[in-house]
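Read the structure below first, then the notes.
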Amino acid sequence: MKNQTVLITGANAGIGFEITKGVLLKNNTAIMVCRNREKAMNARKKLIDLTKNNKVHIIIADLTQFSDLRHIADEVNEKFDTIDVLIHNAGSFYSKWLLNDANIELTFMVNHVTPFYLSHLLLPQLIKSEDAKIITINSDSHFLAKLRIDNLNLKNKFQGLRAYGHSKLANVMFTYHFEKINPYDNLTIYAVHPGLVNTDIGIKNTNWLFSLIWNWRSKQGKTPEQGAETALFITHSPGTNLESGRYWDHNQPKKSSTASYDEAMAERLWKKSKDLCGIVNYF
Ligand SMILES: NC(=O)c1ccc[n+]([C@@H]2O[C@H](COP(=O)([O-])OP(=O)(O)OC[C@H]3O[C@@H](n4cnc5c(N)ncnc54)[C@H](OP(=O)(O)O)[C@@H]3O)[C@@H](O)[C@H]2O)c1
């Protein structure tokens, strides 16, 4: 396989760090999107020490903000002609109902709207690749959710776990609808469940009770390196050998929730997501 340029969001910690490490170990180029410069620089140094590959670029962006998503696209456009793999790894879990400047609830923004919009913004670089892939790191927690198409912010219905599963369900439906209308033969898309993984995701924006439960529960999970395996398997396999537009776990496709296969709902979500991002034509 020829050398790849891979953009990974949330690359400084947890599963994203391990995905970036795996990309660099194959002598590929990594673009790390991180919100905190100091954490990003520390992670970059560690990654170079571990892999002896210094083809690591950093873009600083807060994925809750539309202006930062456009900044990512501008910087990519300036420095890179082609992106072979776009990995939407960054994810957040919030105990509190918080909105961004555009009045979008933060869990829904980071976990669904950001992958939706960033995939659109980076299409010009992706379609230049002979074998372009979009991978979203999803979660089996979507099995618990039902899409609230008329209340995507879950106003007055908010509960952290519910919001997380809801955003991940939207994200699977994005993957399926993208596959359905994708006009490019050289571009494939995958949703990946990493398993339960021992990371800090559950203690960052959560209340004391959830943090306590996560601290106990996540210790029973996989290592971040194990959590990165399926995303790396897809990244490093030719798209022609993989089933695009599927939900993946343990290096193979599996069934997602019944709700996720509702095509009419996915189309409505697609339209609403376009409106939220101010996109007229996606392709
Ligand atoms: N851990 C699990 O058991 C599990 C299970 C299923 C799915 N997942 C999914 O796996 C993905 C990775 O999660 P993880 O467990 O590795 O969590 P993590 O260790 O907390 O890593 C998440 C990464 O995303 C970044 N991030 C979060 N919000 C951001 C924002 N607004 N702007 C920019 N970067 C942001 C974080 O940056 P900071 O370091 O600055 O916070 C960090 O780099 C997520 O999509 C998560 O939903 C995880």
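Each row is one residue, and each column tells you yes or no for (1) open to solvent by 10 Å² or more (accessible area, probe 1.4 Å); (2) of a type in the set (D, E, K, R); (3) within 16 Å of the ligand (Cβ to nearest atom); (4) assigned to a helix (DSSP H, G or I).
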{"site": "GLU225", "(1), (2), (3), (4)": "yes, yes, yes, yes"}
{"site": "ALA231", "(1), (2), (3), (4)": "no, no, yes, yes"}
{"site": "ILE234", "(1), (2), (3), (4)": "no, no, yes, yes"}
{"site": "GLU243", "(1), (2), (3), (4)": "yes, yes, no, no"}
{"site": "TYR247", "(1), (2), (3), (4)": "no, no, yes, no"}
{"site": "SER260", "(1), (2), (3), (4)": "no, no, yes, yes"}
{"site": "GLU267", "(1), (2), (3), (4)": "yes, yes, no, yes"}
{"site": "LYS271", "(1), (2), (3), (4)": "yes, yes, no, yes"}
{"site": "ASP275", "(1), (2), (3), (4)": "yes, yes, no, yes"}
Report task. Output the residues belonging to the range 1-42 that are in contact with a Gly (Cβ under 9 Å, 6 or more places away or on another chain) and over 28 Å from LYS128 (Cα atoms). Result -> GLY14
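To keep it simple, each residue is scored yes or no on (1) hydroxyl-bearing (Ser, Thr, Tyr); (2) surrounded by fewer than 20 Cβ atoms within 10 Å (Cβ to Cβ).
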| residue | (1), (2) |
| --- | --- |
| ARG37 | no, yes |
| ARG70 | no, yes |
| ASN77 | no, yes |
| THR82 | yes, yes |
| HIS88 | no, no |
| LYS96 | no, yes |
| ALA102 | no, yes |
| THR107 | yes, no |
| LYS128 | no, yes |
Query raised in the report: Scanning the range 207-222 for residues that are in contact (Cβ under 8 Å) with a residue 24 or more places away in the chain and either touching a Lys or Arg at 6+ places or on another chain (Cβ under 9 Å) or near the ligand (Cβ under 9 Å from one of its atoms) (or both), which turns out farthest from ILE15 (Cα to Cα)?
Result: ASN207
Query - Residue match in the range 159-176 (condition: away from the ligand (no atom under 16 Å from the Cβ), part of a loop (DSSP other than H, G, I, E, B) and surrounded by fewer than 24 Cβ atoms within 10 Å (Cβ to Cβ)) - result: yes
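The values are calculated or read from the model by the stated rules, or taken from the named source; none is laboratory data. Here the structure is a predicted model, which is why all the values come from computation and not from measurement. Every residue, glycine among them, receives a Cβ derived from its backbone with ideal geometry; neighbour counts consider all protein chains shown. For accessibility, only protein heavy atoms count, side chains too; no ligands or nucleic acids. Shrake-Rupley method; radii C 1.70, N 1.55, O 1.52, S 1.80 Å.
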